[in-house]
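A.B. asks: Got a structure here, written out as structure tokens. Questions coming.
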Amino acid sequence: MTTTAEQQRRSNAAAGWVASRKHSLGQALDRPLTSYYLLLGASTLLLTIGLMMVLSASSVYSFKVHGSSYHVFLKQLMWVGLALPVAFIASRMPGRVLRWLAWPALIVATVLIALTQTSLGIRVNGNTNWLALGPLQLQPSEIAKLAMVLWCADLYARKEKVLDDWKHALFPMVPVTGLITALVVKGGDLGTALVLFAIILGMLWVVGAPARLFVGSLMTVGVIALYLASTSAERRERLTSFVDPFNDYQDAGWQAAHGLFAMSSGGWFGKGISASQQKWGSLPEAHTDFIFAVLGEELGLVGTVLVLLLFLTIAYAGVRIAVRTDDPFTRYMCAGITIWLMSQMMINVGMVLVLLPVIGIPLPLVSYGGSALLPSLVALGLLISFARSEPGAQAALRARRGRRMAAVTAGGGLSRRGKST
């Protein structure tokens, strides 16, 4: 009986501890600046991990092609240095200015994508989706992701009162975004087209479009994807080899198989930073599309789970802002950015884990590439801006600044100067 009583006491104590922890966690998550800190922290950590992994994954390639192990890393660092001020400016931009930019951004992105099919276009890995503007090379479809989200958010915010009618949800949103997606498909970039399609479906779901539209859309896209695969031997090989990459190990399954080798050899804690073996030439695109495989090899399961948790943290913060705001534009913008980043992350990870065909798409904030990094950081800057406008957030920020100023004054920096005069 004594044992039973002791067990009951321990059980009650454990239950009380769990309840208190839940209460503390609930209080922490309910604070006005929770979304702000979650976004700032998760984005900073992902960017830091990305720089670290780009340096490691690209070192062999950089030395072999450019004669310096730091060439690709320094270019990525340059893009970070360029993107962070732009993201900061975006985070301080008034909502009315942001909405005014919706149509110009969409038009510019569309024109740039169309220009890839002219003499200015550059063919990379079988896709004509890059644009040469003097010494600068960029991928316009990456800019189109942000432009589409911005334009859709502004459009739906203007039509907020009539969105109960599904026709207003579809027009002109679907024809316009469908045109942009078709231009991307024409360039052969099916990976980016898949992300754009996810953004379209996600925005329709957010505004409450009928379920039958999603079924019809998925069937249509499936038919188009199969048709496009049948017209290209390379796409056909990628589509058939991802089910069993080792069946065609020396050809179409080479990249996927070596991605699996990298992931499986990392174990729980990985081989250590810069200790990847696959980056020495066995794994193509190790610092771009397949950087998650190198991350798994060097940081192990713990590292890959950490990266996924950081992305989920961004998703939680984005959804939290969208739910708590009363501004329709902010709601649709947060939803669109979250859908974009999370769908791209899932497609990239699914590709590396051989759950999806190898379609060539970067991991946001982690993979090398300025064309993808800059729009992603601008989008996160906008999310952070929206987080500062949550109920009570501005007052909490002012109170924090007041406490810092009081701490500086109490430390003597200002008061002593005053006494000396």
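The values are calculated or read from the model by the stated rules, or taken from the named source; none is laboratory data. Just so you know, these numbers come straight off a predicted model, no measurement behind them. Cβ sites come from the backbone with ideal geometry, for glycine too, and all protein chains shown count toward neighbours.
A.B. asks: Give me a count of the residues in segment 338-389 that are β-branched (Val, Ile, Thr), in a helix (DSSP H, G or I) and within 26 Å of Gln137 (Cβ to Cβ). Outline the logic, then answer.
C.D. replies: If we filter segment 338-389 for residues that are β-branched (Val, Ile, Thr), which is where we start, we get 338-339, 347, 349, 352, 354, 358-359, 361, 366, 378, 384.
Keeping just the survivors that are in a helix (DSSP H, G or I) gives 338-339, 347, 349, 352, 378, 384.
Next, only the ones that are within 26 Å of Gln137 (Cβ to Cβ) stay: 347, 352, 378.
Here the count works out to 3.
A.B. asks: Does Ile291 satisfy the criteria of being touching a helix residue (DSSP H, G or I) at 6+ places or on another chain (Cβ under 8 Å), surrounded by 15 or more Cβ atoms within 10 Å (Cβ to Cβ), of a type in the set (A, V, I, L, M) and at pLDDT 90 or above?
C.D. replies: Yes: the conditions hold for Ile291.
A.B. asks: State whether the residues of segment 340-352 include one that is in contact (Cβ under 8 Å) with a residue 40 or more places away in the chain, over 20 Å from Ser69 (Cα atoms), surrounded by fewer than 22 Cβ atoms within 10 Å (Cβ to Cβ) and over 11 Å from the mean Cα position of the chain (by Cα).
C.D. replies: The answer is yes, given that some residue of segment 340-352 is in contact (Cβ under 8 Å) with a residue 40 or more places away in the chain, over 20 Å from Ser69 (Cα atoms), surrounded by fewer than 22 Cβ atoms within 10 Å (Cβ to Cβ) and over 11 Å from the mean Cα position of the chain (by Cα).
A.B. asks: Picking from Leu301, Leu283, which residue would you name as being closer than 25 Å to Gln344 by Cβ and part of a helix (DSSP H, G or I)? Let's see the steps before the verdict.
C.D. replies: Details: Leu283 fails: part of a helix (DSSP H, G or I).
The match here is Leu301.
A.B. asks: Name the one entry in Thr128, Thr116 that is surrounded by 19 or more Cβ atoms within 10 Å (Cβ to Cβ) and over 22 Å from the mean Cα position of the chain (by Cα).
C.D. replies: Numbers: Thr128 fails: surrounded by 19 or more Cβ atoms within 10 Å (Cβ to Cβ).
Result: Thr116 is the single residue among Thr128, Thr116 that is surrounded by 19 or more Cβ atoms within 10 Å (Cβ to Cβ) and over 22 Å from the mean Cα position of the chain (by Cα).
A.B. asks: Given the options Leu194, Leu218, name the one that is surrounded by fewer than 18 Cβ atoms within 10 Å (Cβ to Cβ), farther than 22 Å from Ala102 by Cβ and of a type in the set (A, V, I, L, M, F, W, C).
C.D. replies: Leu218
A.B. asks: For the subset of segment 142-197 comprising residues that are without any contact (Cβ under 8 Å) to a residue 12 or more places away in the chain and among the aliphatic types (A, V, I, L, M), which member is nearest to Gln344 (Cα to Cα)?
C.D. replies: Ala182
A.B. asks: Conditions first: (1) at pLDDT below 90; (2) under 19 Å from Pro357 (Cβ atoms); (3) of a type in the set (A, V, I, L, M, F, W, C). Trp166 passes all but one, so which condition is the exception?
C.D. replies: The one condition Trp166 does not meet is (2).
A.B. asks: Being under 22 Å from the mean Cα position of the chain (by Cα) and under 30 Å from Asp326 (Cα atoms) is the filter here; which residues of segment 68-94 pass it?
C.D. replies: Within segment 68-94, Ala83, Leu84, Pro85, Val86, Ala87, Phe88, Ile89, Ala90, Ser91, Arg92, Met93 meet the criteria.
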